[in-house]
Amino acid sequence: MRRQTLMYTAASMALVLATTACMTDPYTGQQTINRTAVGIGVGALGGYLLGDVIGGDHDRNAKVIGVGIGALAGGVVGNYMDQQEAELRRQTAGTGVDVYRQGDELVLRMPSGITFQVDQSNIQPQFQSTLDQVAQTLASYNQTYIDVLGHTDSTGSDAYNQALSERRAQSVADYLAGRGVARARIGTRGYGETQLIATNDTDAGRAENRRVEIKVVPVTQPGY
């Protein structure tokens, strides 16, 4: 629990700094807090936005090459991810899903309140249409790895939360695979309660901590 407390304290400091900047969303026209800056601060602390690709690069490259997916040259990676980001933002606008950008990686953060019922791992029917559109984009932009990461709040036992986070990550991964995203591109991991992004002392904070994230990482050629 000490590790969680330190992570939450550091994340809170990052949020305070990030919330001083505002931005106008180009897709809704609304002025909002710069959530990308918030995501960068929290992600760097949590370790799942930078360098935390599931499995070794060699193993993943072998898997995607085996299904005929090519790698991107360094000069086109940024534009490729820009286009994908724009589509994902349009598809998720107003749904409660946040899209974060860190370098050439994307993260879609989905609160469990809109994706799952309490203590369940089956995706709620009302969210499936949004996830269908996300899957369509991920399938179209196939030169990426897809990591599905499950998180919980710290209510309940460590073991139970770990298992629930794994089940929810697997449920989203299975759904994406069933909608055309190549299984070889998808990895899953459950973090349980180890990566809190908000206080666990309030209902609102616990709701933020209960989430599933889809991390999108470009497949790049060696040397890039």
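The values are calculated or read from the model by the stated rules, or taken from the named source; none is laboratory data. Keep in mind the model is a prediction, meaning the values are calculated, not measured. FYI the Cβ positions are ideal-geometry reconstructions off the backbone, even for glycines, and counts take in every protein chain you see.
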Over the stretch 151-161, the set of residues crowded, with 17+ Cβ neighbours inside 10 Å and without any contact (Cβ under 8 Å) to a residue 60 or more places away in the chain is Thr152, Asp153, Asn161
Unmet requirement for Met81, which otherwise passes all of (1) at pLDDT 95 or above; (2) surrounded by fewer than 18 Cβ atoms within 10 Å (Cβ to Cβ): (2)
Can you name the condition, by its number, that Arg167 falls short on among (1) surrounded by fewer than 18 Cβ atoms within 10 Å (Cβ to Cβ); (2) assigned to a loop (DSSP other than H, G, I, E, B); (3) under 18 Å from the mean Cα position of the chain (by Cα)? (2)
For residues that are touching a residue at least 40 places away in the same chain (Cβ under 8 Å) and surrounded by fewer than 18 Cβ atoms within 10 Å (Cβ to Cβ), tally how many sit in the stretch 104-135. 7
Quick test for you: out of Arg206, Arg179, pick the one residue that is surrounded by fewer than 19 Cβ atoms within 10 Å (Cβ to Cβ) and under 20 Å from Gln117 (Cβ atoms). Arg206
Please state which one of Val148, Val172, Val212 is assigned to a helix (DSSP H, G or I), crowded, with 23+ Cβ neighbours inside 10 Å and of a type in the set (A, V, I, L, M, F, W, C). Val172
Can you name every residue in the stretch 87-102 that is free of Cβ contacts under 8 Å to residues at least 24 places away in the same chain and surrounded by fewer than 19 Cβ atoms within 10 Å (Cβ to Cβ)? Gly96
